[in-house]
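Nothing in this text is a laboratory measurement; each read-out follows from the coordinates by a stated rule. The structure presented is a predicted model; accordingly, all values stated were derived computationally and were not measured. So basically every Cβ, Gly included, is an ideal-geometry build from the backbone, and we count neighbours across all protein chains shown.
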Amino acid sequence: MAIIDNVKSRSYIIQGVIVAIFVVFFIRLFYLQIIDDTYKQIADDRGIRKEQVDPDRGQIFDRKGRLIVYNEPSYKLMVVPSQVIDIDTVRFCEILGVDKPFFIKKMKEAKNFSRVRESVFLSQMSAEEFGSIEEYLYEFKGFYAALSPVRKYTYPAAAHLLGYVAEVDSNDIKKSVGYYRNADVIGKSGVEKSYEKLLRGEKGYRNIVIDRFGREVGLLNNGSEDIAPVAGKNLTLTIDIELQAYAEKLLANKRGALVAIEPSTGEILALVSTPAYDPNMLVGSARNKNFAKLALNKENPLNNRALSGYYPPGSTFKPVMAALGMDVGSLTADQGYNCPGGYVMSGHKVDCHNHPYASNVELGIGHSCNAYFCYTFKYFMEAHNTPVEGMQDFNDKLAMWGIGTKTGIDIPNERNGNVPDPEDYDKVYGKGRWKASNCVTLGIGQDKLIVTPLQSANSMAIIANGGYFYTPHVLKYAEDADTVLNKFLVRRETGISDSIFPYIQHGMAGAVNYGTARIAQIDSVQVCGKTGTAENPHGKSHSWFSCFAPEKNPQIAVAIIVENGGWGATYAAPIASLITEMYINGKISEKRKALEQRMMDAVLIDVPQPKPEVPADSAKQVQQVQAALLPKKQ
Amino acid sequence: MREKSSIMQNVDQLAIGLYFALLVIGLLTVFAVSYDPDTSRFFNFSQTHGKQMVWMFISLIVGFSILTFDSTFFTKFAIILYAVTIGIFILTFLVAVDINGARSWLQVGSFQFQPAEFGKTTTALMLAKYLSIITGQARSFKNKMIAYLIIGVPMGIIVLQSDVGSALVYGSLVFVIYREGFPVYEVLFVLFIGLCFVFSMIFGGDPVAVFLSITIWVWVIFNSFKLIRKEKIKGIIFLVLFSTGILLFLLGGELLTLNMIAVVTGLLIFIFAAYYIVRKLKYFKIWWPVLIYIALLGFVIFGVEYITTSLLEDYQVQRIETLLGISDDADAEYNVTQSKMTIGSGGVIGKGYLNGTLTQSEQVPEQSTDFIFCTIGEEFGFLGTFIFLLVYLLFILRIIFIAERQRSPFSRVYAYCVASFFFLQIMINVGMTIGLIPVIGIPLPFISYGGSSVLAFSILVFILLRIDADRLLILR
C-alpha cells in the first residue's frame, strides 16, 4: 500500500526536524560558548546589577510661592549577607544604636531574601545619624550606605491636606501593573496621593558591573545604557500656608475643622482638621513609632474632619433653606412669621430664643429664628404636590449645592454627608404616612441632615457668588501639566436665580451687625455670617460658624466647627472672623488681640495635641533650608 | 510475580537508562543551583534539592507501580481520564491561585500543582484512543474535527488560564496528527493560525509576515525542483523569475520596513504572473498554498490588529501582552542577557561543578526552574551542554523508535505524543535561555525544580514503557 509507506516516511521527516533543531542549538551554543567573546568579557566572573535610581519627588509650594514640602537627603544602610565576614557585632550594634535581637532579625530577613544581593538593613537615617556612623562603616564589610531622599515640611502645618508618603504595600504594587517595587515610596493620603503620578516622576536605572563577590567594578558601557530618572513635577497649591498655620494655631487643642475658600475660583485657602500633627512626624526613622502613636490617639488626629467629619449643620443651614424656599416661590422677601418662643406643632414645640419679630427674610436670618425656618421648610414642602415630591426636590436642589454628594475636591477620602430621601421617612412612618410636619427641623439643619465642613464652606461660597461655584480644589498649577486643572475651571450652577441672593447676603450681614454673630465684626470689612449650634447627643453641642467677607466682591468664605464648643458665637464665630480678618487685612486689630489670645489658649480636649517623638527642626533651620532651596525653583 | 518479572524484561532498557540519566543530571543541577558552601549538605530535605529528591523518589514509586498495571487499563480508561482532566481544567480556571499572572495552579492543602502537566498524559491517551478507533475508517471531516478538538479543548482552556507555554506544548501534538497521515496543508494551516496569532502578539505583524513569506518561498522553490526534474527549461525559467522576485522583495522591502505590505502585494502579482507562464504544467501545483498564504498574511497584518484593538478590551490586551512577556520588555531582555552571559561564560569545558560563579551569585532569575539550563552551561561549558542535549536527543529519538515498532496504532500515537511533548518543552526552554525564542516560562523536563513537573513527566514515560512492554499485543 503506497499510502501507508508514504505516511510511514513522515516519521523520518519528523526525526529530521527534531535533529535539525538540535543542530541549530548546538551551533548556537558553540557560538555563544566558544566563538563569541562579548559575553565572556563582561561575564569574566562578573555580573550586571540593574539598580533603580529614584527620581526626586516634586516639591510643593503655596499660593504665594512659599516652599512647603521639599526633599532632604537621607540614607539607608544596605547589607549583602554573603560579604559580612568577621565583623564585631557588639561594636556594630553600639555604633548604630540598635540592639542585638534587631541585628539578628534583620540579618535573617536579608539572608532569606538573598545571600548575595543587597537588602535594606536600616532605612531613613538622617544626614546627622548617617554622619555619626559613616567613618566607622569601613570596618564592617558587607554594609554600605545608599541615598534615599525623604520628605520635609517647612511649616508644621497642613498635615491632613498634604498627606504623607510611605513605602508601598503589596496592594499598591499589584495595582500599579509593574511600576512600583518593594521599598518604593508612594503618596498615601492628601495631595501626595491625589497627585502621585505628577509628583513621583519617572524612575531611572543604572547597570552596574559587579565582580563575583558582588563588588561594584563600574558601569556597563560607561553608563551609556543607563536611564536617567526624571524628577517629579513641582506643584503650587491654592492654600496660603501662613493662613493655614494661623488657623491651626487658633484651633489648637480643640476638636474640629475649618475650611476657607476663595468664592470666585473655588480655591481652598486653608483646610484644617484638629487635633492636627506636625507632618514631619511621619518622616524618617521615627515614622513608624509616631504613626502608631497617632493611630492609637483617641482623638484620632489622622482623620481629616474637614472632608469626612459628619455634623448636622444646625442654624448655618438657614440661609440655604431661605434660598430653596424663595426659589420655589413659597417664601417671598417680605414674608414675616410669628415666633411665640418657637414653632408649635400638635403636642410638640421647636424652641427658639428670645428675639424681635422677624418681618422679612433678612430679619429671619439675622435673628436666626427657628420658627421662621420651620415654616419656610413646611411651605417649601407644601409647594409640591406630595411630601414625596417635595422631599425629592429638596434632595435634588441640595445635590446641586454639593450637599449630600461629594463636592469633588482633589483630596482623597471625601465623604458624601447625608440628605434624607423620601424612603428614609417611609421606613420610619410607613409609606405615604408622613408629611412636612414630621420633619420640619430639616429647615433648621437638624433631623437627618448631615454635612461636612467642606460642604458647609462651599455653601457659603455659593451664597457669596450668588448661586454658582467652582469645584473646591487645592492645586493651583502643576509644572508642565496645565490640563489637570480644566475640570476646576467649569462654573457649576445651582439653578437658583441670582436675584434672591442679595436678601440672603444682607440677612447674614445682619446676623453679624445686630444678630447672634456680633462677635464676628471686623473693622472696615462687612462680614456676612451665620452661627450654628449642632445638637450633640453625646455631650456638649458643637459650635458652628460659616461666613464670607466682604459683602461686596467676597474674597473668602469660611466654615468652621468646634466640637463641644457650645454656642456658635462662643468659639466658632470668633475663630472664623479672626481668620477672615487676617486674610483680608493681613493683621489682627489691637482691640481683638485679647480675643485672639483667648481662642489660642482655649483647651477643649482631654488629650493634648500629639507631640513628635523627635523634635521638629527649629524655625531657624527651616528658614535656612528654604533660602537654600528657593533659588532652584524655575 | 511471574508476570511482573516478564514486564521488567520487556521494558525498553535504553529508554529507562536515559530516563535515569536525566533524573540524576536534574538532581545534580538543582543541587548546584541551591548550593551554599557554608550550609549545604546533599541530604538536606528542607532545601530545594532535597525536596526535589523526595519528588523524584515519589515519581519512581508511582512509575514502577504503573508498570504493574494491565496495559489495557490505559485504553479502557482513556476517555474517562480525559473527561476528568477537562473537568479539573475548568475547575482550575475557576478557583486557581494566581502565580506570576497565570491562573494555572491548583492548591490542595499546602501542595500546589499544575493540572496542565498531568493533562498532557491524559490528552495523549485520549488522542491515541480516538485515532486507534478510527483506524481503517475513511477520515471524514467529522473524524478530523474530533481529533483536532481533543487537542484544542484543553489547549484553549490553558490559554484562558494565561499559560501560553503549556498551550504551545499541547500544540506540539500536530506532529502526531501529521505522522498519522493527515494532509500536510491541514496540519500546517491549523498550526499556523495559532502560531501566527501568538507570534504577531509577541513580535508584531511585520516579522511574522516575513516568516510566512520565507516559508512560501521555500515551498515554491522546493516544488520547482520537482518541476526542473520533469520539464527542465520551463522549470529553470520559473525558478530564475521567482528568485528575481525574492531579490526585488528583499531589496525593496529592506526586510522589515513599513512599505512591506506594498512589496508583498507586488510579489504576489509576480508569483501569479509566473504561475500563468507555467500553469499548464501538471507537476506544479501552487494554487492552494498561495491562497492560504494570502489568508494568513491578511490575518497577521489586519486580523490581529483588529482583534487586539476592536474586539478585546484594553485590560485584556494588557493581560495577553503581560503573559507573552511583551509589556515587561526591559525585564525579559535583562533575563535573556543574564542567561546568555551565564551560558557564554562557561566556555569550552565550563568552570567546574559547584563552581559556577554567576549561578552562585544568583545572577539569573528563576534559575532553579525556567533558566536552569544556564547552570549546566556555566559549570560544564559547551562540552556539557552538548552531551546533555545529546542525551535528550537520544531519548526523544529512542521514543520515536519505540513508537515505530508498535503494532497497534494506540501505542504508536501515544509514543509520538510523548516524543512531541518532550521535544517542544526542550525546544522552548533551551531556545529561550540561549536567546533564540522569546521568554515563555516552561520547565525543562526532569531538570527544572518542581514536583508536579517531574512526577507528570515520569508518569508520561512509564505509561509508555508499560504499553511498549506489551508491544506484541494490539491495543485498542
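The table below lists the values:
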{"quantity": "Bins of 10 Å from zero: percent of alpha-carbon pairs in chain A", "calculated": "3, 14, 21, 19, 14, 10, 8, 6, 4, 2, 1, 0"}
{"quantity": "For chain A, calculated [θ]222 nm from helices alone, where every DSSP H run of n ≥ 4 adds -39500 (n - 2.57)", "calculated": "-10000 deg cm²/dmol"}
{"quantity": "D_trans [Stokes-Einstein, Kirkwood Rh over alpha-carbon pairs] for segment B:371-418, 4 °C, 1.567 mPa s, µm² s⁻¹", "calculated": "106"}
{"quantity": "Principal axis box of segment B:120-169, alpha-carbon based, largest edge first, Å", "calculated": "38, 21, 12"}
{"quantity": "Pairwise label distance in nanometres, residue B:387 with residue A:382, each label 7 Å out on the Cα-Cβ vector", "calculated": "10.5"}
{"quantity": "Karplus-derived 3J(HN,Hα), 6.51/-1.76/1.60, for each residue of segment B:114-120, Hz, glycine and proline x", "calculated": "9, x, 4, 5, 6, x, 4"}
{"quantity": "Proximal charge balance of residue A:575 [Cβ under 12 Å; K/R count +1, D/E count -1]", "calculated": "+1"}
{"quantity": "Around residue A:597: net Lys/Arg minus Asp/Glu count, Cβ-Cβ under 14 Å", "calculated": "+2"}
{"quantity": "Sorted by Cβ density within 10 Å, fewest first, the residues A:582, B:145", "calculated": "B:145, A:582"}
{"quantity": "Calculated FRET value between residue A:291 and residue B:145, using beta carbons and R₀ = 56 Å, to 0.05", "calculated": "0.30"}
{"quantity": "Residues B:233, B:58, B:402 arranged by fewest to most Cβ contacts within 10 Å", "calculated": "B:233, B:58, B:402"}
{"quantity": "Whole-number percent relative contact order across chain A, with pairs defined as alpha carbons under 8 Å at least 6 apart", "calculated": "14"}
{"quantity": "Computed Kirkwood radius, in angstrom, where 1/r is averaged over Cα pairs of segment A:54-210", "calculated": "17.6"}
{"quantity": "log₁₀ of I(q)/I(0) at q = 0.17, 0.26 Å⁻¹ - segment B:388-442, Debye sum with one point per alpha carbon", "calculated": "-0.58, -0.93"}
{"quantity": "Shielding by partners, peptide B:174-181 (average Cβ within 10 angstrom, other chains)", "calculated": "3"}
{"quantity": "Three-way shape call for segment B:339-382 based on the alpha-carbon gyration tensor, with the a/c threshold at 1.5", "calculated": "prolate"}
{"quantity": "Translational D in µm²/s for segment A:496-564 (Stokes-Einstein at 10 °C, 1.306 mPa s, Kirkwood Rh from C-alpha pairs)", "calculated": "124"}
{"quantity": "Per-residue HN-Hα couplings for segment A:417-425 [Karplus 6.51, -1.76, 1.60; θ = phi - 60°; Hz; x = Gly/Pro]", "calculated": "x, 8, 10, x, 9, x, 4, 4, 7"}
{"quantity": "Long-range HN-HN contacts of residue B:105 with modeled amide H, under 5 Å", "calculated": "B:97, B:99"}
{"quantity": "Cβ-Cβ FRET estimate between residue A:514 and residue A:601, R0 fixed at 35 Å, reported to 0.05", "calculated": "0.75"}
{"quantity": "Gained length - residue A:128 relative to residue A:333, 0.36 nm times residue gap less alpha-carbon distance", "calculated": "67.0 nm"}
{"quantity": "Linear extension gain, residue A:8 paired with residue A:105, 0.36 nm per residue minus alpha-carbon span", "calculated": "28.3 nm"}
{"quantity": "Three semi-axes of the equivalent ellipsoid, segment B:327-476, Cα gyration tensor, whole Å, largest first", "calculated": "34, 16, 12"}
{"quantity": "Calculated FRET value between residue A:249 and residue A:225, using beta carbons and R₀ = 60 Å, to 0.05", "calculated": "0.70"}
{"quantity": "Sequence ranges B:154-161, A:590-597, ranked by mean other-Cβ count within 10 angstrom, highest first", "calculated": "B:154-161, A:590-597"}
{"quantity": "Average other protein chain Cβ within 10 Å of Cβ, residues A:81-89", "calculated": "1"}
